[in-house]
Amino acid sequence: MREAGTVNVVIDGRFILDEADLHRRLAGALGYGPYYCHDLDDLGRRLASGDPRPLQLVWIYAASLRLALGLELYDRYVRTLEEIEATDVGRDWNERFIFRVFE
């Protein structure tokens, strides 16, 4: 069982220019090294496998992020992250992924 505290990552949509920028910020915040592919598939695989846990990912000013990514891509991200969160519901708090979006 992991003893470390929760990793809290806040993504401020006002400062995201595009998908590549989002991944640069996520990679830095989550400690993903040079083998991170900087795409939704790799992000989803890593988060679904529990890397890192516990993790709380919060998107603020999501409307700006939606504009930067485009509605279709934004929806894919939200759907993927919500699915990962749903699979963690039965886990202990120190092993969970929590995803929140604030407009």
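Points worth noting:
- Helix axis angle, 19-30 relative to the chain longest principal axis, alpha carbon, degrees: 30
- Over the chain, relative contact order from alpha-carbon pairs under 8 Å, at least 6 apart, %: 38
- Total charge dipole magnitude, the chain, about the Cα centre, Cβ charges on Lys, Arg, Asp, Glu only, Debye to nearest 20: 220
- Listed candidates (1) 13.7, 37; (2) 13.1, 39; (3) 17.4, 65 - label of the one calculated as Rg and Dmax of the Cα atoms in Å: (2)
- The chain - share of DSSP beta bridges that are antiparallel (%, nearest 5): 0
- Between Arg14 and Val58, residue separation times 0.36 nm minus the direct Cα-Cα distance comes to 14.5 nm.
- Report summary: the helix-based calculation at 222 nm, which adds -39500 (n - 2.57) for every DSSP H run with n ≥ 4 and divides by the residues of the chain, gives -13500 deg cm²/dmol.
Throughout, read-outs are computed from the coordinates displayed, never taken from laboratory work. Only a predicted model underlies this, so the values are computations on that prediction, with no experimental measurement involved. Cβ: placed from backbone, ideal geometry, glycine included. Neighbour counts: every protein chain shown.
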